[in-house]
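The values are calculated or read from the model by the stated rules, or taken from the named source; none is laboratory data. Predicted model only: the values in this text are computed from it and were never measured. Backbone-built Cβ (ideal geometry, glycine too); neighbour counts: all protein chains shown.
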Amino acid sequence: MASSLGAQRGTRYIPEALKRTKIIQLSNLPTTVIPADLRRLVIRGQVQGVEDASIEYHRLQPTGRAYLRLTHEDFFPNLDALEMVSVSGVHPIAEASAETPSPDESGGHGLSSELGCDGKDVVIWGLPRQLREEAVDRHLLGGFSMFPGEFLFKLPPVGFSLYSRFRVRLVSVSEAHRLVRKVHMTNYNPEVLGPKYQLRAQVVY
């Protein structure tokens, strides 16, 4: 029988307020984890009834956390057993969660399932602070197949920074990876600016 303070689900003590949750937070994940890794984790951990497995992003960079959403609380797994499964050689920390992070698509915050990237988007950072979309398109995106419609977005700055960050939407996963290979660890407009602005680029899943 559950106590007045909590309930036991599997072998882990869960507070009363979370005993009927359908959300599992995974932390201590490598930032290289992609949704396919989460799906493999779910299979190996024998978690049933998972309707969504999403990576958490902050300014379009992975935080090392992910969330599993279940179709019903009766599918809630043994969290200790889930932590026995490794992802890229690292064991996650699994916890019951009351909710998922609030999404903010314009700022690049939220879960991968809410940001609508699907491996076809790229985040590029390290660019000059005052740079506009037209300059990024001209200097970096020539020869790439872009998403029809709006495909380039400047993320709002957080505090004072000398650099800016952009989200690029491409037509396919292969084009996104090709852009990362071209841009990552290169200098922006080196003929004029020299090595002042070294770029980073990463696919967003």
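Condition first: closer than 15 Å to GLN202 by Cα, under 14 Å from the mean Cα position of the chain (by Cα), among the acidic types (Asp, Glu) and modelled with pLDDT under 95. Can you find one or more residues in segment 112-129 that meet it? So far as segment 112-129 goes, yes, one or more of its residues are closer than 15 Å to GLN202 by Cα, under 14 Å from the mean Cα position of the chain (by Cα), among the acidic types (Asp, Glu) and modelled with pLDDT under 95.
Please verify whether GLY159 is surrounded by fewer than 16 Cβ atoms within 10 Å (Cβ to Cβ) and either more than 22 Å from ARG59 (Cβ to Cβ) or outside the structural domain of SER27 (by TED's automatic domain parsing) (or both), treating the condition exactly as stated. Yes. Quick check on MET146: is it out of contact with any strand residue (DSSP E or B) (no Cβ under 9 Å at 6 or more places or on another chain) and among the aliphatic types (A, V, I, L, M)? When the stated conditions are applied, MET146 does not pass them. Which of the residues spanning segment 144-163 are touching a helix residue (DSSP H, G or I) at 6+ places or on another chain (Cβ under 9 Å) and among the hydroxyl-bearing types (Ser, Thr, Tyr)? The one that is touching a helix residue (DSSP H, G or I) at 6+ places or on another chain (Cβ under 9 Å) and among the hydroxyl-bearing types (Ser, Thr, Tyr): SER145.
PHE144 meets the conditions (1) of a type in the set (Phe, Trp, Tyr); (2) buried (at least 16 other Cβ atoms within 10 Å of the Cβ); (3) farther than 22 Å from ASN189 by Cα in every case but one. The failed one is (3). For segment 132-160, the set of residues classified as part of a loop (DSSP other than H, G, I, E, B) and of a type in the set (Gly, Ala, Ser) consists of GLY142, GLY143, SER145, GLY149, GLY159, listed by residue number.
Inclusion of SER106 among residues that are small (Gly, Ala, Ser) and surrounded by fewer than 14 Cβ atoms within 10 Å (Cβ to Cβ) is warranted.
Can you name every residue in segment 185-205 that is under 15 Å from PHE144 (Cβ atoms) and either crowded, with 20+ Cβ neighbours inside 10 Å or within 18 Å of the chain's Cα centre (by Cα) (or both)? ALA201, VAL203 - these are the residues of segment 185-205 that are under 15 Å from PHE144 (Cβ atoms) and either crowded, with 20+ Cβ neighbours inside 10 Å or within 18 Å of the chain's Cα centre (by Cα) (or both).
Among the small types (Gly, Ala, Ser) and closer than 17 Å to ILE55 by Cβ - does that describe any residue in segment 122-137? No, every residue in segment 122-137 fails to be among the small types (Gly, Ala, Ser) and closer than 17 Å to ILE55 by Cβ.
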